[in-house]
Amino acid sequence: MTAELGRQPWLVYGLFRTAQGSSPSVHAGTVLFTLMGFCGLYLVLGVLFLFLIGREIAHGPGALAPVAGGGAEVAHV
Amino acid sequence: MFEVWYAIAALLFAIYVALDGFDFGAGILSPFVARTDSERRQVLAAIGPFWDGNEVWLLAAGGALFVAFPRVLASGISGFYFAIVLVLWCLIGRGIAIEFRSHVADPLWRTAWDFVFAAASTLLAVFFGAAFGNLLRGVPLDSEGWFTLALFTDFTTRDPVGILDWYTILVGVFALVALAAHGALFLAWKTDGAVHERSRRMARQLWIAVAGLWPLVTAASHVVNPALFPGMGRRGLAALAIVLAIGGIATVLVRLPRGGFLAAFLGSCAFLLGIIGASAASYFPVMLRATGGDALSITAYTGGGDEASLRTALRWFLVGSPLALLYLAIVLRLHRGKAVAAAEGEGY
């Protein structure tokens, strides 16, 4: 965010302005819609991630189990 | 140099379709060839080591356009903006489905992700086919080299055109059938038991459909873009690609009934590389065909970047692409043999 906002109004510093680089054929409404779509998608992904991580933590690590080839290793559950 | 990069970009897209195509195909067919939970996991185990590596070839193809044909990329990505975002959402949803499915044993959880996996794979095959149809039919480029497209208009191929019309839908359906047929051969090769039996049976039916649809789609392409095929005979690469495609589909039809699944799968790869290669070689030098006349089309020469940077990029391509191929070879070797469903709590 700092890098992107700090560089404005340049897309390529000193060479290419953001206004010159935006697509003339893509409308603001379309961009807003897809931005909301991405936010929604990543929100769902984030919630699912927390749910799965929470389950994993609640479950705790597996018992020490002997693994073929010798030695004891924590079994991945 | 522009000719070389046109060929590189076409080759990278063709390799992407042949590689990610088989895991799309496995996704499209998974509800039909895999019925129990362990069969579903067998399908995921078969594509598990490959699918994300396969998608890197799409990045490579996009990267080739970025470095060599920036105006084509700018115009194409802007014009197909919403369609490309839909493709991205499908790719993301499909990746989440593959990764999350087996973490929770609940049947509803697993069925839901199986549905996302199959639906996203199906939509992606249709989208990529329709995108290819759009390139061959042409887009309404203006004199500045930009265009916008509605999702659909009146379903004819005359202006004003939309992303979906009878032709692009036909190509989309062809892509769906061809990639399902491609995936069926991959599953027949990489699995055993009930999944293998069902994949083998589906492969036979699907390849009969491919053999029937291919001439139909070719004829439709000629109607929509009459300039495409007449010059083909004089172009060496186009002729070579046609031989590859015919040899490929012949290999499939001969080897599949005799149980040569690897040979049939390689034939299927050759078929996909051949039809995309032949289309690209015939399309050259056009990269985005304009519906409003050839003068508006963006070609490899008008859409290309700086020659000097293309030469530099070629050196890096010659370093990078063997590494990507080596990676593919190593993964194929590590995961040789039949795929087995992972035990509960492990793997896909």
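The values are calculated or read from the model by the stated rules, or taken from the named source; none is laboratory data. None of these values were measured; they are calculated from a predicted model. Note that each Cβ is placed from the backbone with ideal geometry, even for glycine, and that neighbours are counted across all protein chains shown.
Residues in the range B:92-102 that are within 11 Å of chain A (Cβ to nearest Cβ), of a type outside the set (Gly, Ala, Ser) and buried (at least 17 other Cβ atoms within 10 Å of the Cβ): B:ILE96, B:PHE100.
Conditions (1) at pLDDT 90 or above; (2) of a type in the set (Val, Ile, Thr); (3) farther than 23 Å from B:LEU88 by Cα, marked per residue:
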residue: A:GLY21; (1), (2), (3): no, no, no
residue: A:MET36; (1), (2), (3): yes, no, no
residue: A:LEU41; (1), (2), (3): yes, no, no
residue: A:LEU52; (1), (2), (3): yes, no, yes
residue: A:HIS59; (1), (2), (3): no, no, yes
residue: A:ALA63; (1), (2), (3): no, no, yes
residue: A:PRO66; (1), (2), (3): no, no, yes
residue: A:ALA72; (1), (2), (3): no, no, yes
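Confirm whether B:GLY53 is closer than 21 Å to B:LEU185 by Cα, away from chain A (no Cβ under 14 Å) and surrounded by fewer than 21 Cβ atoms within 10 Å (Cβ to Cβ). Let's see the steps before the verdict.
On the way: closer than 21 Å to B:LEU185 by Cα: yes; away from chain A (no Cβ under 14 Å): yes; surrounded by fewer than 21 Cβ atoms within 10 Å (Cβ to Cβ): yes.
Judged against the criteria, B:GLY53 is a match.
Of the residues making up the range B:121-144, one or more are polar (S, T, N, Q) and in contact with a Ser or Thr (Cβ under 6 Å, 6 or more places away or on another chain). All of B:ALA83, B:ALA74, B:ALA105 fail the test of being at pLDDT below 95, assigned to a loop (DSSP other than H, G, I, E, B) and within 14 Å of chain A (Cβ to nearest Cβ), apart from B:ALA105.
Contact map, the range A:19-33: residues that are more than 18 Å from A:LEU5 (Cα to Cα) paired with residues that are surrounded by fewer than 12 Cβ atoms within 10 Å (Cβ to Cβ), Cβ distance under 6 Å, separation 6+ or inter-chain. No pairs are found.
Within the range B:154-191, restricting attention to residues that are within 19 Å of B:GLY76 (Cβ to Cβ) and among the hydroxyl-bearing types (Ser, Thr, Tyr), which residue is nearest to the other protein chains (Cβ to nearest Cβ)? Checking each candidate, the answer is B:THR168. Answer yes or no as to whether B:PHE147 is touching a strand residue (DSSP E or B) at 6+ places or on another chain (Cβ under 6 Å), hydrophobic (A, V, I, L, M, F, W, C) and not in a helix (DSSP H, G or I). When the stated conditions are applied, B:PHE147 passes them.
A:LEU45 falls short of the stated requirement of being farther than 26 Å from B:PHE82 by Cβ and within 9 Å of chain B (Cβ to nearest Cβ). Scanning the range B:321-347 for residues that are closer than 18 Å to B:TRP189 by Cβ and touching a Ser or Thr at 6+ places or on another chain (Cβ under 8 Å) yields a total of 3.
So in the range A:1-40, with the set limited to residues that are more than 26 Å from B:TRP89 (Cβ to Cβ) and part of a loop (DSSP other than H, G, I, E, B), which one is nearest to the other protein chains (Cβ to nearest Cβ)?
The residue in question is A:LEU15.
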